[in-house]
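Asker: Here it is, the structure in full.
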Amino acid sequence: MNTKPLSILVEKEDITTLQVDAIVNAANRSLLGGGGVDGAIHRAAGPELLAACRLLNGCETGNVKLTRGFRLPAKYIIHAVGPIWQDGRANEASLLRSCYSQSLKIANQQRCESIAFPAISTGVYRFPKELAAKIAIQAVQGWSASTPKQIIFCCFDNENEQIYQEILKGH
């Protein structure tokens, strides 16, 4: 169990600039870069990230893989492959929950004290933002290992920041 209370923050920032032990990348199954958060992380981390990701042979939806942070302030990048929203009946919620729980598990294994999450699957994968935020918050609030101690929901825009703030106020 945590000896120090878990700190959950919501920040509107560029995730590639955060001074945390690990950031989570909203990756695609190839892990070879893409648009949105994924593209921004690959650009900021430099070409070494792409070379490292090529060695990982992709990743299945709902799972994660780990690389170094390379040129980022974060020591690690946890690549989480979120689900593409179909209609809510294709196991999307449990796959998204798995992204958060697997990310926390690997962060704990690496003894990360702090981790930052983007709003996984809410961009081009069209996962409803409010539902995604509820799943994310429930997943991290249920976390009971000793690390990480600080979890940041890093929002790209005002809409997501407001959704996370409102849901956290209700808990």
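The values are calculated or read from the model by the stated rules, or taken from the named source; none is laboratory data. Owing to the predicted nature of the structure, the values given are computational and were not obtained by experimental measurement. Neighbour counts run over all protein chains shown; Cβ positions are idealised from the backbone, glycine included.
Asker: If a residue must be within 24 Å of PRO148 (Cα to Cα) and either crowded, with 16+ Cβ neighbours inside 10 Å or touching a Phe, Trp or Tyr at 6+ places or on another chain (Cβ under 7 Å) (or both), how many such residues does region 13-30 contain?
Answerer: 11
Asker: Which is closer than 22 Å to THR16 by Cβ, charged (D, E, K, R) and more than 15 Å from the chain's Cα centre (by Cα), of ARG126, ARG71? Spell out how you get there, then give the answer.
Answerer: Working: ARG126 fails: closer than 22 Å to THR16 by Cβ.
Only one candidate qualifies: ARG71.
Results for (1) surrounded by fewer than 16 Cβ atoms within 10 Å (Cβ to Cβ); (2) in contact with a helix residue (DSSP H, G or I) (Cβ under 9 Å, 6 or more places away or on another chain); (3) assigned to a strand (DSSP E or B), shown as yes or no for each residue.
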site: GLY34; (1), (2), (3): no, yes, no
site: GLY39; (1), (2), (3): yes, no, no
site: ALA44; (1), (2), (3): no, yes, no
site: ALA51; (1), (2), (3): yes, no, no
site: ASN57; (1), (2), (3): yes, no, no
site: THR67; (1), (2), (3): no, yes, yes
site: PRO73; (1), (2), (3): yes, yes, no
site: HIS79; (1), (2), (3): no, yes, yes
site: TRP85; (1), (2), (3): no, yes, no
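Asker: Quick one: in region 1-32, which of the residues that are out of contact with any strand residue (DSSP E or B) (no Cβ under 7 Å at 6 or more places or on another chain) and in a helix (DSSP H, G or I) is farthest from SER103 (Cα to Cα)?
Answerer: The selected residue is THR17.
Asker: Just give me the residues in region 115-171 being hydrophobic (A, V, I, L, M, F, W, C), more than 14 Å from CYS99 (Cβ to Cβ), surrounded by 15 or more Cβ atoms within 10 Å (Cβ to Cβ) and modelled with pLDDT under 95, in sequence order.
Answerer: Correct list: PHE156 only.
Asker: Looking at this structure, is ALA132 free of Cβ contacts under 8 Å to residues at least 40 places away in the same chain, outside any loop (DSSP other than H, G, I, E, B) and within 25 Å of TYR76 (Cα to Cα)?
Answerer: Yes.
Asker: Which of the residues that make up region 86-127 are touching a Lys or Arg at 6+ places or on another chain (Cβ under 6 Å) and not charged (D, E, K, R)?
Answerer: If the condition is that a residue be touching a Lys or Arg at 6+ places or on another chain (Cβ under 6 Å) and not charged (D, E, K, R), then THR122 is the only one that fits.
Asker: Another one. Would you confirm whether any residue within region 138-161 is closer than 22 Å to ASP38 by Cα, without any contact (Cβ under 8 Å) to a residue 60 or more places away in the chain and either touching an Asp or Glu at 6+ places or on another chain (Cβ under 9 Å) or of a type in the set (Phe, Trp, Tyr) (or both)?
Answerer: No, region 138-161 contains no residue that is closer than 22 Å to ASP38 by Cα, without any contact (Cβ under 8 Å) to a residue 60 or more places away in the chain and either touching an Asp or Glu at 6+ places or on another chain (Cβ under 9 Å) or of a type in the set (Phe, Trp, Tyr) (or both).
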